[in-house]
Amino acid sequence: MILTRRLFLATPAAAFAAKRGPMMVYFGTYTRGASKGIYVSRFDPAAGKLSAPELAAETLNPSFLVIHPAGRHLYAVGEMSGAQGQPGGSVSAFAIDSASGKLSQINQQPSGGGGPCHINIDRARRHVLIANYGGGSIAVFPLAADGSLKPASAFVQHRGPVFDAKRQGGPHAHSIHVDKGNRFVLATDLGLDKVLVYRFDAARGTLTPNEPAFASLKPGAGPRHFAFHPSFRYAYAINEITCTVTAFAYDARRGVLSELQTITTLPGPVQQGFSTAEVQVHPSGKFLYGSNRGHDSIAVFRIDRSRGTLTPVEHEPTQGRMPRNFGIDPTGRFLLAANMNSNSVVVFRIDPRTGALDPTGEKLEVPTPVCVKFRV
């Protein structure tokens, strides 16, 4: 269907885009080769266009980012880096210049474990939470009034047996999330094949194992990233090793996940070198997207909003190699895929009826991009 300008501007997403204007989008990277840290571009949600990237802050291996909802601060993990003379990784706080998009580092804290790979902010906007992949641990950091990070208020070391000692090795916390009520923290662990659930004390920033303490995935699945449905009735874990997505029903009162379905992210069998990375739900709650590395595609699913289950729509090539992360812009009209091994970010238009992706022809050169975050 061809939209007239009048009909186009009548759609909620288009109206938001027209009102909002260009917004900043930040790219986390691995600082090998040409990359020097965090990059920023301006994204026009009306046209789906990106400006040339600029270096926002020089910092070591900022592989995952989160922007505070107030829009004044950005937080980044420092994967495989040291902090204040201590071994392991780091987490850094930055102030955002609203005019230029440049970042000024406020302070840095040790992450408490090696290879921090994921970061989030609690619903009260008072704590930063991180997952340490190499260390197999999670931590909580209170925020000061100036946006700086205080020392950790909670640290949990994951422990337990693994199904595949060679592939999984040990505990590997890979993502961390807070539910809508700010009462529970959920952390995927690729090594333990679990989504661990903690009761969260938002006043003190502490974590206590829930009862039950976890939801189990198929042995050897390797849960990596996780996403809540906007209704918070459902949640989804993407499994790195088996290239699958597991859909859960979520009981927000008890913090309990119940498996509904596990479905492949591929059109065929898993081949050597294939693995998944990111999973996100469309803002409308109608579609789910997951990235396939090796196959180099985005898997698109339709969500049954009465049951939470998934139906495949398509597998869209990302026009690059090794898509790690991607970002769906706040209007829900575009998806930006970060191809780490092709040093590119490719823009796709989202079909509002089917969720299918259509490349716009817009391609941005960004060195080793691994994370895409919009400043709303």
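Throughout, read-outs are computed from the coordinates displayed, never taken from laboratory work. This structure is a prediction, so every number in the text was calculated from the model and none was measured. All Cβ positions, glycine included, derive from the backbone under ideal geometry; neighbour counts span all protein chains shown.
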**Request:** Rank these for me by crowding, Thr208, Thr368, going from fewest to most other beta carbons within 10 Å.
**Result:** Thr208, Thr368
**Summed residue charge, Cβ within 15 Å of Arg305's Cβ, Lys/Arg positive, Asp/Glu negative** = +4
**Item:** Per-residue Cβ neighbour rank within 10 angstrom, fewest leading, Phe94, Phe214
**Value:** Phe214, Phe94
**Request:** Among Phe184, Ala144, Pro116, pick out the residue whose Cα is farthest towards the positive end of the charge dipole of region 97-184, where Lys and Arg carry +1 and Asp and Glu carry -1 on C-beta, about the Cα centre.
**Result:** Phe184
**Fill in**
Highest GNM mean-square fluctuation among Val185, Val128, Val156, for the chain with Cα springs under 10 Å, belongs to Val156
**Item:** Gained length - Arg253 relative to Ser306, 0.36 nm times residue gap less alpha-carbon distance
**Value:** 17.2 nm
**Prompt:** Which value in deg cm²/dmol, rounded to the nearest 500, describes the helix-derived mean residue ellipticity at 222 nm for the chain, given -39,500 (n - 2.57) per DSSP H run of n ≥ 4 and division by the residue count?
**Reply:** -1000 deg cm²/dmol
**Request:** Springs between alpha-carbon atoms under 10 Å, Gaussian network over the chain: tell me which of Pro212, Pro116, Pro171 tops the mean-square fluctuations.
**Result:** Pro212
**Prompt:** By counting other Cβ atoms within 10 Å of each Cβ, how are Asp304, Asp122, Asp189 ranked from fewest to most?
**Reply:** Asp304, Asp122, Asp189
**Prompt:** Within the set Lys36/Lys166; Lys150/Lys180; Lys218/Lys363; Lys102/Lys194; Lys49/Lys150, which residue pairs have Cα atoms separated by over 28 Å?
**Reply:** Lys36/Lys166; Lys218/Lys363; Lys102/Lys194; Lys49/Lys150
**Fill in**
trypsin sites (Lys or Arg not before Pro) in region 242-301 lying in a DSSP loop, each with at most 13 other Cβ atoms within 10 Å of its Cβ, come to Arg253, Arg254
**Item:** Contact order relative to length of the chain, as percent, for alpha carbon pairs under 8 angstrom and 6 or more apart
**Value:** 12
**Prompt:** Taking amide H positions as placed 1.01 Å from N in the peptide plane, with prolines and chain starts having none, which residues 5 or more places from Leu192, or on another chain, fall under 5 Å of its amide H?
**Reply:** His172
**Prompt:** What list of ³J(HN,Hα) couplings, whole Hz, do you get for region 365-371 from phi and the Karplus terms 6.51, -1.76, 1.60, once you set θ to phi - 60° and write x for glycine and proline?
**Reply:** 8, 9, x, 6, x, 9, 8
**Request:** Enumerate the calculated ³J(HN,Hα) couplings along region 143-157 in order (Karplus 6.51 cos²θ - 1.76 cosθ + 1.60, θ = phi - 60°), each rounded to whole Hz, writing x wherever the residue is Gly or Pro.
**Result:** 9, 7, 4, 8, x, 6, 8, 7, x, 4, 9, 8, 8, 10, 8
